[in-house]
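The next block holds one structure in the form of structure tokens; read it before the comments.
The values are calculated or read from the model by the stated rules, or taken from the named source; none is laboratory data. As the structure is a computational prediction, the values presented were derived from the model and not from experiment. Cβ placement follows ideal geometry from the backbone for every residue including glycine, while neighbour counts extend to all protein chains displayed. Side chains are part of the model used for accessible areas, which takes the heavy atoms of the whole protein and leaves out ligands, DNA and RNA. Shrake-Rupley method; radii C 1.70, N 1.55, O 1.52, S 1.80 Å.
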Amino acid sequence: MQSDPGYLQRARRIVDEVIVPHACDVDRGEFPRTAMRSLGAAGLLGLLSGEDVGGAGLGLRAAAEVVELVGGACGSTGMVLCMHYCGTAVIERHGPRPVRAAIAAGEHITTLAFSEAGSRSHFWAPVSTARAVGGKIRLDAEKSWSTSAGQADSYVWSSQPVAAQELSTLWLVPASAPGLSIPRPFDGLGLRGNSSAPIRADNVLVDESAMLGLDGGGLDIMMTTVLPHFQVLSAACYVGLVDAAVTGAIAHASRARFAHIDQTLADLPTIRAFVARCVVKRDMARALLKDTLAALEGNRPDAQLRVLEVKAAAAEVATEVTGLVMRICGGAAYRKDVGVERQFRDAHAATVMSPTTDLLYDFIGRRACGMPML
């Protein structure tokens, strides 16, 4: 691969011209619509879409590179793009051609709707229902969190199967379907612009053809398609966020001065030690991200373990490093203009997004002990 492929050049331009200038507005709760339109117009929403429908036909590594860039500029926009790519991966394999083509053209944003109030972080076991009614499928659900809720054009939706005995079935649900509602808007600590709100489905009717894959095949799609994409891309988003926080902290420490002794913060050994810890942690997380991609591309025996590890590691690094960055910058860190307090808040979402860090540790421990993951 060339050193800076065209898609990365386009992504950098959008980051500089659109995402960075709007990051504070997004942090105040504005959905990053302008950024997503710009990404779509540049062909970046269709990065994973097949060439047969006009997409770029690229893979997970390319998506991770773009999400890392975007996440470093704005965590909310990075997560919206991450979830779009996760939904796109499912639709590419199981969805209808017109929707695939719309995504490829940059005219359709999708996302996942898995988390539920009833099963909480156990995303693989939805309690929402799907029933055959007069040639249609009726969906009823209380989804607890869905990134881009009320903003996306479609949801990759999980429910109990219609007739099969397995845990779940997936559906492609248009956001315009009658019966869908957003009970309350998102108002959170961080990632304030990603519209991660609950969704209620009350007698939502979809065609039987809206099923993605087989009835009862949801868990297999979740584990083989969604989980690798979500784990890698969310880790990429947080590696980008950490890199931006470290860069910002170094810049602040290098210019903030003690006038009475004519020294910068960086002249203090304690500050340099904090910076060094941040750099080491950032580089560890980035190295694991790259190794996870290599494991998946090479179909290595440890690929599943790396997939489980990468988000857990990135989440721990994000919370630790942004905490250290706040200490490096001191009281200035609390000012909006320095920027690191936004990264500090955004970072703390990483550990509680399903699969949560604690859940991932259980999965990793089970695998290490030779036990089934579920």
(request) May I ask you to evaluate 6.51 cos²θ - 1.76 cosθ + 1.60, the Karplus curve with θ = phi - 60°, for each residue of region 169-177 and list the ³J(HN,Hα) values in order in whole Hz, giving x for glycine and proline? (result) 9, 10, 9, 9, 10, x, 5, 8, 4
(request) Output ³J(HN,Hα) for region 306-315: one whole-Hz value per residue in order, computed from phi by the Karplus curve 6.51 cos²θ - 1.76 cosθ + 1.60 with θ = phi - 60°, and x for Gly and Pro. (result) 4, 4, 5, 6, 5, 6, 4, 5, 4, 5
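What FRET efficiency comes out for the pair C369/A259, r = Cβ-Cβ distance, R0 = 45 Å, nearest 0.05?
Working: r = 58 Å, r/R0 = 1.28.
The value I calculate is 0.20.
Give the peptides 146-159, 318-331, 176-189 in descending order of average Cβ contacts within 10 Å, highest first.
Details: 146-159: 24.9, 318-331: 21.0, 176-189: 13.0.
My ranking of the peptides, most packed first, is 146-159, 318-331, 176-189.
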(request) Over the chain, calculate the relative contact order: mean separation of alpha carbon pairs under 8 Å at least 6 apart, over the residue count, as a percent. (result) 16
(request) Could you order Y334, Y361, Y85 by accessible surface area, starting with the largest, using a probe radius of 1.4 Å? (result) Y334, Y361, Y85
(request) Within region 280-319, which residues have the backbone N less than 14 Å from the label spot 7 Å out from R61 along Cα→beta-carbon, could you tell me? (result) 289-300
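Working out 0.36 nm times the residue gap between D358 and D283, then minus their Cα-Cα distance, what length gain in nm do you get to one decimal? Let's see the in-between values first.
Details: separation 75, 0.36 × 75 = 27.00 nm, distance 2.26 nm.
Going from the current span to full extension adds 24.7 nm.
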(request) Keeping every protein chain in place, order S209, S254 by accessible area at 1.4 Å, biggest value first, i.e. largest first. (result) S209, S254
(request) List the lysines whose Cα lies under 18 Å from the Cα of K290, skipping any in the same chain that are fewer than 8 positions away. (result) K281, K311
(request) For V204, enumerate residues with amide H under 5 Å from its amide H, sequence gap 5+ or separate chain, H modeled in the peptide plane. (result) L139
(request) With springs connecting C-alpha atoms under 10 Å apart, model the chain as a Gaussian network and identify which of L289, L191, L305 has the largest mean-square fluctuation. (result) L305
(message) Could you compute the net charge surrounding L265? Neighbours are other residues with a C-beta less than 14 Å from the C-beta of L265; K and R count +1, D and E count -1.
(response) +2
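Might you report the magnitude of the Cβ-based charge dipole of the chain about its Cα centre, with Lys and Arg at +1 and Asp and Glu at -1, to the nearest 20 debye? Present the calculation step by step, with values, prior to reporting the outcome.
Values: 36 positive and 38 negative charges, 116 e Å.
For the chain, the charge dipole is close to 560 debye.
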(message) Quick check for you: which residues of region 319-339 have the amide N under 15 Å from the point 7 Å beyond the Cα of T247 toward its beta carbon?
(response) 339
(request) Provide the solvent-accessible area of E297, counting protein heavy atoms only and rolling a 1.4 Å probe, rounded to the nearest 10 Å². (result) 110
(request) List every residue whose amide H lies under 5 Å from the amide H of T264, counting only residues 5 or more places away in sequence or on a different chain, with H placed 1.01 Å from N in the peptide plane. (result) F258
(message) Could you identify which residue out of G29, G135, G57 has the top mean-square fluctuation in a GNM of the chain using Cα springs shorter than 10 Å?
(response) G135
(request) Could you order peptides 66-75, 263-272 by the average number of other Cβ atoms within 10 Å of their residues, highest first? (result) 66-75, 263-272
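Sum up the charges of everything whose Cβ sits under 12 Å from the Cβ of G106, counting Lys and Arg as +1 and Asp and Glu as -1, but leave G106 out. Walk me through the intermediate numbers first.
Working: positive: R10, R37; negative: E107, D153.
Around G106, the surrounding residues sum to 0.
Considering only region 103-217, what is the antiparallel percent among its DSSP beta bridges, to the nearest 5? Can you show the working numbers first?
Values: 25 of 29 bridges.
Antiparallel bridges make up about 85 percent of those DSSP assigns within region 103-217.
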(request) Sort K136, K290 from largest to smallest accessible area, using a 1.4 Å probe on the heavy atoms of the protein chains. (result) K290, K136
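Rounded to the nearest 0.05, what FRET efficiency is calculated for R12 and D291 with R0 set to 25 Å and r the Cβ-Cβ distance? Walk me through the numbers before you get to the answer.
Working: r = 24 Å, r/R0 = 0.98.
With R0 = 25 Å, the Cβ-Cβ based efficiency is 0.55.
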(request) Using the Cα centre as the reference, give the magnitude of the dipole from point charges on the C-beta atoms of region 20-81 (Lys, Arg: +1; Asp, Glu: -1; all else neutral), rounded to the nearest 20 debye. (result) 100
(request) With θ set to phi - 60°, apply the Karplus curve 6.51 cos²θ - 1.76 cosθ + 1.60 along region 239-249 and write out the HN-Hα couplings as whole Hz, x wherever there is a Gly or Pro. (result) 5, x, 4, 4, 4, 5, 5, 5, 4, x, 5
